[in-house]
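*Asks:* Before I ask anything, here is the structure I am working with.
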Amino acid sequence: MIKDRESYMERVNSAYPAEIPEALGESGAFIRFCERLSRVAPIDRPVLIIGERGTGKELAASRLHFLSKRWQGPLVALNCAALTSSLIEAELFGYEKGAFTGAVERRPGRFESADKGTLFLDEIGGIPMEVQEKILRVVEYGSFERVGSSKPVEVNTRIVAATHADLPSMAEEGRFKKDLLDRLTFEVLFLPPLRERGGDIMLLARHFAAKMAFELGRTEVPCFTNEAAAALESHPWPGNVRELKNVVERAVYRSDAPTVGEIVFNPFKNFDKPIANGFEEADTLTADGRKKSFKEVVEELEIRLLRKSLVKAKFNQQKAAKALGLTYHQLRGMLRKYKNKGIFE
């Protein structure tokens with residue numbers, strides 16, 4: 001057991017970005033989230049983390065644990081969505097020998113394993129109602145019974161839960177216990193999606209690229225072309241940091257040069273097909289399979305280049321015009337031409 005908390009936290013903080021690069025960020029939204037997390041971490045109460053898939057909810061729970069008074073205790077995690085309803089109760093509370101077929105010996109559950117520490121329940125919205133009742137009892141009284149036993153087991157465990165579901169709506173519909181929701185929400189932390197984190201996209205992209213190059217045994221640190229960076233910054237990132245990591249690692253692995261120019265967001269597309277002027281063969285077809293006209297293809301290419309240049313120039317139209325080799329008035333004319341095409345969305 002580590003006795004020197006100050007030196008330990010110094011080591012954790014210094015290692016955190018290197019070991020968990022998904023936790024990097026300098027945008028206002030991310031900094032505000034970290035400040036709220038740090039504020040509630042020492043308070044020994046349940047916390048609920050709300051965030052989209054891939055935003056790093058488990059990493060946030062880990063940070064919360066190591067900043068808490070329980071930092072020397074265990075951090076135990078359970079993905080509730082990965083288990084069937086019949087297994088969740090046994091995983092959480094353990095079971096006695098002979099409690100059911102296959103229970104050949106007593107096994108402690110996650111609550112016991114997390115005693116004097118933190119239990120992270122990911123996707124808590126997937127827990128069945130009967131198990132929610134037992135969790136509520138642990139939160140209120142600090143005790144429960146293993147499956148197949150009536151003897152109470154006492155634990156001192158802090159619960160940190162996470163979900164992307166709308167728990168208040170689920171509670172109103174009777175699919176989540178209102179009492180449990182009340183107990184779990186001493187504080188609710190909203191983890192911002194990547195699309196709201198501004199400059200964090202390229203910060204993370206460069207970090208993932210460097211780590212992938214190191215893994216491949218390459219000596220040069222990868223860099224991105226202006227077009228590749230613009231593509232990364234303009235992508236909506238529905239899969240958030242997890243998706244960004246996959247996209248960047250794929251781009252570095254497929255590039256034979258230290259400069260990364262091609263970004264493939266959809267790995268199911270055939271990347272061996274020739275690409276002309278930024279368009280693949282599939283881009284010349286409409287959703288219903290009709291072949292696009294030459295005018296439609298040219299218009300889509302112009303819109304794509306306009307959007308990328310504006311994003312890269314942070315919507316400074318003079319800089320965007322210069323990057324495209326246009327005059328300011330030429331750019332303004334094209335923006336008027338495509339004003340209803342969602343360029344500024």
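*Asks:* Hey, does segment 95-103 have a residue that's aliphatic (A, V, I, L, M), outside any strand (DSSP E or B) and surrounded by 20 or more Cβ atoms within 10 Å (Cβ to Cβ)?
*Replies:* In the first step, residues of segment 95-103 are kept if they are aliphatic (A, V, I, L, M); the result is 99, 103.
Filter once more, keeping what is outside any strand (DSSP E or B): 99, 103.
Checking the rest, the ones that are also surrounded by 20 or more Cβ atoms within 10 Å (Cβ to Cβ) come to none.
Within segment 95-103 (the criterion being aliphatic (A, V, I, L, M), outside any strand (DSSP E or B) and surrounded by 20 or more Cβ atoms within 10 Å (Cβ to Cβ)), the answer is no, since none of the residues qualifies.
*Asks:* Only one of these is under 25 Å from the mean Cα position of the chain (by Cα), surrounded by fewer than 16 Cβ atoms within 10 Å (Cβ to Cβ), assigned by TED's automatic domain parsing to the domain that holds A60 and farther than 30 Å from S234 by Cβ: S143, S169, S150. Name it. Step through it out loud before you land on a result.
*Replies:* Details: S143 fails: under 25 Å from the mean Cα position of the chain (by Cα); S150 fails: under 25 Å from the mean Cα position of the chain (by Cα).
None of the others qualify; the one that does is S169.
*Asks:* Within segment 319-327, identify whether any single residue is farther than 18 Å from E227 by Cα and not in a helix (DSSP H, G or I), and answer yes or no. Spell out the reasoning first.
*Replies:* Initially, segment 319-327 is screened for residues farther than 18 Å from E227 by Cα, giving 327.
Right, trim to not in a helix (DSSP H, G or I) and you get 327.
Yes, that holds for at least one residue.
*Asks:* Sticking with this structure for a sec: Of the residues that sit in segment 222-245 and are in contact with a helix residue (DSSP H, G or I) (Cβ under 9 Å, 6 or more places away or on another chain) and of a type in the set (S, T, N, Q), which one is surrounded by the fewest Cβ atoms within 10 Å (Cβ to Cβ)? First the steps, then the outcome.
*Replies:* Keep residues of segment 222-245 that are in contact with a helix residue (DSSP H, G or I) (Cβ under 9 Å, 6 or more places away or on another chain), which gives 222-224, 226-245.
When the remaining residues are screened for being of a type in the set (S, T, N, Q), the result is 226, 234, 240.
Working: N226: 12, S234: 15, N240: 21.
Ranking the qualifying residues of segment 222-245, first place goes to N226.
*Asks:* Just wondering, is there one or more residues in segment 230-245 that are small (G, A, S), within 25 Å of the chain's Cα centre (by Cα), assigned to a helix (DSSP H, G or I) and over 19 Å from K308 (Cβ atoms)? Talk me through it step by step, then tell me what you get.
*Replies:* The first filter runs over segment 230-245 and keeps only residues small (G, A, S), leaving 230-231, 234, 239.
From the residues that got through so far, the ones that are within 25 Å of the chain's Cα centre (by Cα) too are 230-231, 234, 239.
Subsequent filtering for residues that are assigned to a helix (DSSP H, G or I) retains 230-231, 234.
So of that shortlist, the ones also over 19 Å from K308 (Cβ atoms) come out as none.
No, there is no match, as no residue in segment 230-245 is small (G, A, S), within 25 Å of the chain's Cα centre (by Cα), assigned to a helix (DSSP H, G or I) and over 19 Å from K308 (Cβ atoms).
*Asks:* Let me ask something else about it. Go through segment 188-201 and give me each residue that's surrounded by fewer than 18 Cβ atoms within 10 Å (Cβ to Cβ) and modelled with pLDDT of 95 or more.
*Replies:* V188, F190
*Asks:* Which residues, taken from segment 247-287, are in a helix (DSSP H, G or I) and either closer than 21 Å to K308 by Cβ or modelled with pLDDT under 55 (or both)? Show your work before the answer.
*Replies:* Start the filter on segment 247-287 by keeping residues that are in a helix (DSSP H, G or I), which leaves 247-254, 281-284.
V247, V248, R250, A251, V252, R254, E281, A282, D283, T284 - these are the residues of segment 247-287 that are in a helix (DSSP H, G or I) and either closer than 21 Å to K308 by Cβ or modelled with pLDDT under 55 (or both).
*Asks:* Where the second residue is at pLDDT below 65 and the first is closer than 24 Å to V221 by Cα and lies in segment 260-274, which pairs have Cβ atoms under 8 Å and are six or more apart or on separate chains?
*Replies:* Sorted first by the residue in segment 260-274, then by its partner, the pairs are E262/F271; E262/I275; V264/F271.
*Asks:* Right, next: Out of the residues in segment 50-98 that are over 25 Å from the mean Cα position of the chain (by Cα) and basic (K, R), which is farthest from V147 (Cα to Cα)?
*Replies:* Applying the filter and picking the extreme gives K69.
Table: residues versus (1) touching a helix residue (DSSP H, G or I) at 6+ places or on another chain (Cβ under 7 Å); (2) touching a residue at least 40 places away in the same chain (Cβ under 8 Å).
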site	(1), (2)
T157	yes, yes
V160	yes, yes
H164	no, yes
S169	no, no
E172	no, no
R175	no, yes
K178	yes, no
T185	no, yes
V188	no, yes
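*Asks:* So if I check each of G102, G109, G126, which one is more than 26 Å from P42 (Cα to Cα) and out of contact with any Ser or Thr (no Cβ under 9 Å at 6 or more places or on another chain)?
*Replies:* Working: G109 fails: more than 26 Å from P42 (Cα to Cα); G126 fails: out of contact with any Ser or Thr (no Cβ under 9 Å at 6 or more places or on another chain).
Answer to the check: G102.
*Asks:* Within the bounds of segment 129-145, is there any residue that is under 20 Å from L180 (Cα atoms) and part of a loop (DSSP other than H, G, I, E, B)? Steps first, answer last, please.
*Replies:* First pass over segment 129-145, keeping only residues under 20 Å from L180 (Cα atoms): 129-145.
Add one more test, that the residue is part of a loop (DSSP other than H, G, I, E, B), and what stays is 142.
Yes; the residues of segment 129-145 include at least one that is under 20 Å from L180 (Cα atoms) and part of a loop (DSSP other than H, G, I, E, B).
*Asks:* Considering only segment 153-162, state which residues are surrounded by 15 or more Cβ atoms within 10 Å (Cβ to Cβ) and part of a loop (DSSP other than H, G, I, E, B).
*Replies:* In the first step, residues of segment 153-162 are kept if they are surrounded by 15 or more Cβ atoms within 10 Å (Cβ to Cβ); the result is 153, 155, 157-162.
Selection gives V155, T157.
*Asks:* Spot the failing condition for T219; the list is (1) surrounded by fewer than 18 Cβ atoms within 10 Å (Cβ to Cβ); (2) outside the structural domain of K314 (by TED's automatic domain parsing); (3) over 21 Å from F30 (Cα atoms), and only one is missed.
*Replies:* Failing condition for T219: (2).
*Asks:* What number of residues within segment 107-148 are in contact (Cβ under 8 Å) with a residue 24 or more places away in the chain and basic (K, R)?
*Replies:* Result for segment 107-148: 4.
*Asks:* Only one residue in R183, R197, R175, R206 is closer than 17 Å to G56 by Cβ and either touching a Pro at 6+ places or on another chain (Cβ under 8 Å) or among the basic types (K, R) (or both), so which one is that?
*Replies:* Working: R183 fails: closer than 17 Å to G56 by Cβ; R175 fails: closer than 17 Å to G56 by Cβ; R206 fails: closer than 17 Å to G56 by Cβ.
Going through R183, R197, R175, R206 in turn, the sole match is R197.
*Asks:* Could you tell me which numbered condition G325 fails, if it satisfies all but one of (1) over 27 Å from H207 (Cα atoms); (2) modelled with pLDDT of 85 or more; (3) of a type in the set (G, A, S)?
*Replies:* The number of the failed condition is (2).
The values are calculated or read from the model by the stated rules, or taken from the named source; none is laboratory data. None of these values were measured; they are calculated from a predicted model. Using ideal geometry, Cβ is built from the backbone for each residue, glycine included, and neighbour counts are taken over all protein chains shown.
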